[in-house]
Amino acid sequence: MMVTNLLLALVAAIVVTTLAAIVIRDQRRLASQRRGLLDQVSDILDNSRVHLARDGFPMLDGNLSDGRRLHIELIADTLVCRRLPQLWLKLTLAEHSPQNRPSIGALARPTGAEFYSLVHDLPEWLPPPRTDTSMLMRGDGTATAAEVERSGSIFSALFRNPAVKEAVITAKGVRLIRQVAEGDRGAHLLLRQVRFPLEAVSPDLLRTAIAEAQLLSEALADSNTKTRTTEPMEAGE
């Protein structure tokens, strides 16, 4: 009896040790994969630098050819209602100097759980344009009717692509959030793990996001000739 118990204990110890080794190996592989997600796009920017966020996802800083600063983050969103986890690319394009334009933005398919959103922080609700996509549009209260209409047209055009989640124009820059990948169904449903079937963000995806951000930057170019009484909101860090 004692020998049997010892054998069972030994087997249990071997199983636990093996499972622990598998978990550690998988965690290291996942961490290594996350670190390299922006490796293929760093050469697109001048003076680029990649560093890691606390969650292990990389961030990229660099300059466009015109000298404007670009900051890119990857956001793992596990709060998505009735959907798999989402991996978002958050792109912030800083202007050379503050522009005389309102803060105005739109969020596609809002749920209220978008912790990464700038739109939720804007104080004034604005009527969104009529589109097939549900949209939350808000501003800082300084936009003219013409600026609201022009911005709405740009947002509608961007949101025709379901990968675009948020677009924001502010005095100091613009923000764009785009889907990169959806979580692995098996890992999420069976193991409750957040894994994305993605080796690296493609250069084409980043170039598209940069082009969309530049479109936002130019949307209210003629607003610089107007006078405003309210300080526009910053694009966020």
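The values are calculated or read from the model by the stated rules, or taken from the named source; none is laboratory data. In this text, all values refer to a predicted model and were calculated from it rather than measured experimentally. Reconstructed Cβ throughout: ideal geometry from the backbone, glycine too, with neighbour counts over all protein chains shown.
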Qualifying position, being of a type in the set (Lys, Arg) and closer than 15 Å to Glu218 by Cα, among Arg109, Arg150, Arg138, Arg130: Arg150
Identify the single condition in (1) buried (at least 16 other Cβ atoms within 10 Å of the Cβ); (2) at pLDDT 90 or above that Arg34 does not satisfy, given that it satisfies every other one. (2)
Determine, yes or no, whether Arg109 is in contact with a strand residue (DSSP E or B) (Cβ under 8 Å, 6 or more places away or on another chain), at pLDDT below 95 and not hydroxyl-bearing (Ser, Thr, Tyr). yes
One residue is enough: does the range 119-139 have a residue meeting the conditions buried (at least 17 other Cβ atoms within 10 Å of the Cβ) and under 14 Å from the mean Cα position of the chain (by Cα)? yes
Aliphatic (A, V, I, L, M), assigned to a loop (DSSP other than H, G, I, E, B) and surrounded by fewer than 16 Cβ atoms within 10 Å (Cβ to Cβ): which single residue out of Leu84, Leu79 fits that description? Leu79
From the options Arg101, Arg49, Arg54, residue that is assigned by TED's automatic domain parsing to the domain that holds Thr131 and under 30 Å from Met135 (Cα atoms): Arg101
Looking at Leu126, Leu136 in this structure, which one is touching a Pro at 6+ places or on another chain (Cβ under 8 Å) and of a type in the set (A, V, I, L, M)? Leu136
Looking only at the range 66-119, how many residues end up being polar (S, T, N, Q), touching an Asp or Glu at 6+ places or on another chain (Cβ under 7 Å) and closer than 28 Å to Pro203 by Cβ? 2
Can you confirm whether the range 55-62 contains a residue that is at pLDDT below 95 and either exposed (fewer than 13 other Cβ atoms within 10 Å of the Cβ) or of a type in the set (A, V, I, L, M) (or both)? yes
Just to check your reading of the model, which residue among Gly236, Gly183 is modelled with pLDDT under 80, closer than 30 Å to Arg34 by Cβ, surrounded by 14 or more Cβ atoms within 10 Å (Cβ to Cβ) and in contact with a Pro (Cβ under 9 Å, 6 or more places away or on another chain)? Gly183
The conditions are (1) in a loop (DSSP other than H, G, I, E, B); (2) within 19 Å of the chain's Cα centre (by Cα); (3) at pLDDT 95 or above, and Ala171 fails exactly one of them. Which is it? (2)
Can you give me the number of residues within the range 53-70 that are part of a strand (DSSP E or B) and in contact (Cβ under 8 Å) with a residue 24 or more places away in the chain? 3
